[in-house]
Amino acid sequence: MDRYVLLVKAPKGADITQFREEAKLLAEKHGLKAELHRCIGLTVDGVILYKGGVVLIKRKNEPFKDHYALPGGFVEYGETVEEALKREMKEETGLDVRILRLVGVYSDPNRDPRGHTVSVAFLCLGEGELKAGDDAKEVHVVPIGEAGKLPLAFDHAKILRDALHPKDCW
């Protein structure tokens, strides 16, 4: 059976009972079955080591517009997390990356104000020419010792700490 998802964005706490019933009826009319489940978003984040520092972007869009963050984004259907990481790093920083290791999986339901988002974070080496693109307003190489002192978006300070000081994890 193939599965398709219709992404319905509703305000937190909204009553979707009537919508759910109408969606079920519409699907049945077309010989299909519809179920509404709250869904989790899957993302990737990259801690990129490059020219003696770590790569941070300044976000172009909300949430956390104009805040520093690790480059990253949503995994697309049919992609592995590793493929998504390489694509997102290229789109946001212009860099090709070589994955060194998995940093961790970050799943706090409140880590992203847009909704429950789980991120798979990787430590990488960056290669190529640094250039902001996609969701990145700016891209910077920050000395490793300074990066952890910046107020970062989401839970990126924890991801950065875990990537650079793995003995302190957990």
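The values are calculated or read from the model by the stated rules, or taken from the named source; none is laboratory data. Fair warning: this is a prediction, and the values are worked out from it, not measured in the lab. Cβ coordinates were reconstructed from backbone atoms using ideal geometry, including for glycine residues, and neighbour counts include every protein chain displayed. Just so you know, the surface numbers come from the protein's heavy atoms only, side chains and all, with ligands and any DNA or RNA stripped out. Shrake-Rupley method; radii C 1.70, N 1.55, O 1.52, S 1.80 Å.
Tabulated values for the structure
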{"read-out": "Positive-end residue of Gly133, Ala153, Phe122, charge dipole of region 108-159 with Cβ unit charges", "value": "Ala153"}
{"read-out": "Heavy-atom surface of the chain, accessible at 1.4 Å and reported per residue (Å²)", "value": "65 Å²"}
{"read-out": "Whole-Hz ³J(HN,Hα) from phi, Karplus 6.51 cos²θ - 1.76 cosθ + 1.60, for region 152-165, glycine and proline x", "value": "9, 5, 6, 9, 5, 5, 5, 4, 4, 4, 4, 6, 8, 9"}
{"read-out": "Fraction in percent of alpha-carbon pairs per bin - 5 Å, region 1-89", "value": "3, 11, 15, 16, 14, 13, 10, 9, 5, 3, 1, 1, 0"}
{"read-out": "Estimated 222 nm signal from helices in the chain, with DSSP H stretches of n ≥ 4 weighted -39500 (n - 2.57), rounded to 500", "value": "-6500 deg cm²/dmol"}
{"read-out": "Distance between modelled label sites at Lys149 and Asn110, nm, 7 Å Cα→Cβ extension", "value": "2.9 nm"}
{"read-out": "Qualifying trypsin sites (Lys or Arg not before Pro) in region 14-52, DSSP loop, other Cβ atoms within 10 Å at most 15", "value": "Lys33, Arg38, Lys51"}
{"read-out": "Sparsely packed trypsin sites (Lys or Arg not before Pro) within region 105-147, loop by DSSP, other Cβ within 10 Å at most 15", "value": "Arg114, Lys131"}
{"read-out": "Built amide H within the under 5 Å cut-off of Asp112, gap 5+", "value": "Thr117"}
{"read-out": "Debye intensity ratio in log₁₀ form over the Cα atoms of the chain, taken at each q of 0.09, 0.10, 0.13, 0.15 Å⁻¹", "value": "-0.37, -0.45, -0.68, -0.83"}
{"read-out": "Where the Cα pairs of region 88-170 fall when distances are cut into 10 Å bins, in %", "value": "16, 44, 37, 3"}
{"read-out": "Amide H within-cut-off set for Gly104, under 5 Å, with H built and near neighbours excluded", "value": "Ala121"}
{"read-out": "Dipole of the chain, positive end: most advanced residue of Phe19, Ala84, His30 [Cβ charges, Cα centre]", "value": "Phe19"}
{"read-out": "Longest site-free stretch - the chain; sites: GluC sites (Glu not before Pro), DSSP loop, at most 11 other Cβ within 10 Å", "value": "77-128"}
{"read-out": "Residue-by-residue Karplus 3J(HN,Hα) for region 42-52, coefficients 6.51, -1.76, 1.60, Hz, glycine and proline x", "value": "10, 10, 10, 10, x, 9, 9, 8, 7, 6, x"}
{"read-out": "In region 1-96, the chymotrypsin sites (Phe, Trp or Tyr not before Pro) that fall in loop regions by DSSP, at most 13 other Cβ within 10 Å", "value": "Tyr4, Tyr77"}
{"read-out": "Of all accessible heavy-atom area on the chain, the percent that carbon and sulfur account for (1.4 Å)", "value": "55 percent"}
{"read-out": "For the chain, size of Cβ-based charge dipole, Lys and Arg +1, Asp and Glu -1, in debye", "value": "280 debye"}
{"read-out": "Acute angle (nearest 10 degrees) that the helix 17-29 long axis makes with the longest principal axis of the chain, alpha-carbon atoms", "value": "70 degrees"}
{"read-out": "23 Å Cα-Cα threshold exceeded, pairs from Lys58/Lys149; Lys51/Lys149; Lys65/Lys149; Lys9/Lys58; Lys9/Lys137", "value": "Lys9/Lys58; Lys9/Lys137"}
{"read-out": "Spin-label model distance (nm) - Leu42 vs Glu22, 7 Å beyond Cα toward Cβ", "value": "3.1 nm"}
